[in-house]
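The structure appears below as structure tokens.
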Amino acid sequence: MINDIYLKKKALRKLIRKLKKELTPELRKIKSDSIMNKIEDDVHFQNAETVFICWAMDDEVDTRDLIIRWSDRKIFILPSIDGDDLILKRFTGINCLKNGDLYDIPEPSGEPFEDISGIELAIIPGVAFDKNNNRMGRGKAYYDKILLQMKNKTFLLGICYDFQFIDSVPVETHDMLMDKVVYS
């Protein structure tokens, strides 16, 4: 059974990678802007003071403009990879970002953010999501580990392109369920 799920996830990740590569930069921006507009209109975003969000990788829904646009009104907490774990750090400006060790994703250079219970909203990327709010990540379980600590305290909002929103995602027991998924 586990092997079957692993193979399904591997095939789905390969398909999504292919579809992402077919997105033009113009269409990527249009879709990302649409998703960010939906987030800005969402009551959970409007009411949140502290938001966990990633500084998007090039193939993900672009979150960077949203972070910059709202950084004077909200506290943004970004992930930093440390071995097999995510360390949370406060975003204090573009000039305070450094390239991460593992994936060269820009990460805040400050001290770890310890108040996980103070995070009201988490905006989470994924490889695929489904109509039951299941999420499939890249396979390292970085987000699942940290989201487990946020469970029942933080509203979990998945973001993806429309082709990443499918009928059914293969799930395992450690995969965290989102409260809502926004796509375009």
* Asked: Which number in (1) touching an Asp or Glu at 6+ places or on another chain (Cβ under 9 Å); (2) at pLDDT 90 or above; (3) among the hydroxyl-bearing types (Ser, Thr, Tyr) marks the one condition that Ser117 misses?
  -> (1)
* To do: Determine if segment 104-124 includes at least one residue that is under 30 Å from Leu7 (Cβ atoms), surrounded by 15 or more Cβ atoms within 10 Å (Cβ to Cβ) and of a type outside the set (A, V, I, L, M).
  => no
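Can you list the helices (runs of 4 or more DSSP H) lying wholly within segment 1-66 that have 3 or more residues being more than 17 Å from Phe163 (Cβ to Cβ) and at pLDDT 95 or above? Show your work before the answer.
Numbers: elements: 2-22, 25-41, 43-47.
Filter on segment 1-66 gives 25-41, 43-47.
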* **Residues of segment 145-184 classified as at pLDDT 90 or above, part of a loop (DSSP other than H, G, I, E, B) and β-branched (Val, Ile, Thr), total** => 2
* Structure fact -> Counting only residues in segment 129-184 that are at positive phi and touching a residue at least 12 places away in the same chain (Cβ under 8 Å), the one surrounded by the fewest Cβ atoms within 10 Å (Cβ to Cβ) is identified as Gly139
* To do: Go through (1) in contact with a Gly (Cβ under 9 Å, 6 or more places away or on another chain); (2) over 22 Å from Leu19 (Cβ atoms) and name the single condition Leu156 misses.
  => (1)
* Asked: Which of the residues belonging to segment 84-98 are closer than 18 Å to Lys140 by Cβ and exposed (fewer than 12 other Cβ atoms within 10 Å of the Cβ)?
  -> Asp84
* Structure fact -> Only one of Ile35, Ile30 is touching a strand residue (DSSP E or B) at 6+ places or on another chain (Cβ under 8 Å), closer than 17 Å to Glu60 by Cβ and either hydrophobic (A, V, I, L, M, F, W, C) or loosely packed, with under 15 Cβ neighbours inside 10 Å (or both), namely Ile35
* Out of segment 115-160, which residues are closer than 21 Å to Val43 by Cα and of a type in the set (Ser, Thr, Tyr)? -> Ser117, Thr154
* To do: Tell me which residues, restricted to segment 33-57, are hydroxyl-bearing (Ser, Thr, Tyr) and in contact with a helix residue (DSSP H, G or I) (Cβ under 8 Å, 6 or more places away or on another chain).
  => Thr50
* Structure fact -> Selection from segment 116-137 of residues within 11 Å of the chain's Cα centre (by Cα) and among the charged types (D, E, K, R) yields Arg135
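Check Arg64, Arg73 and return the single one that is free of Cβ contacts under 8 Å to residues at least 60 places away in the same chain, more than 16 Å from the chain's Cα centre (by Cα) and within 30 Å of Ser117 (Cα to Cα).
Details: Arg64 fails: more than 16 Å from the chain's Cα centre (by Cα).
Exactly one of Arg64, Arg73 is free of Cβ contacts under 8 Å to residues at least 60 places away in the same chain, more than 16 Å from the chain's Cα centre (by Cα) and within 30 Å of Ser117 (Cα to Cα), namely Arg73.
The values are calculated or read from the model by the stated rules, or taken from the named source; none is laboratory data. Given the structure is predicted, the values throughout are model-derived calculations rather than measurements. Neighbour counts are summed over all protein chains in view; Cβ atoms, including those assigned to glycine, are modelled from backbone coordinates with ideal geometry.
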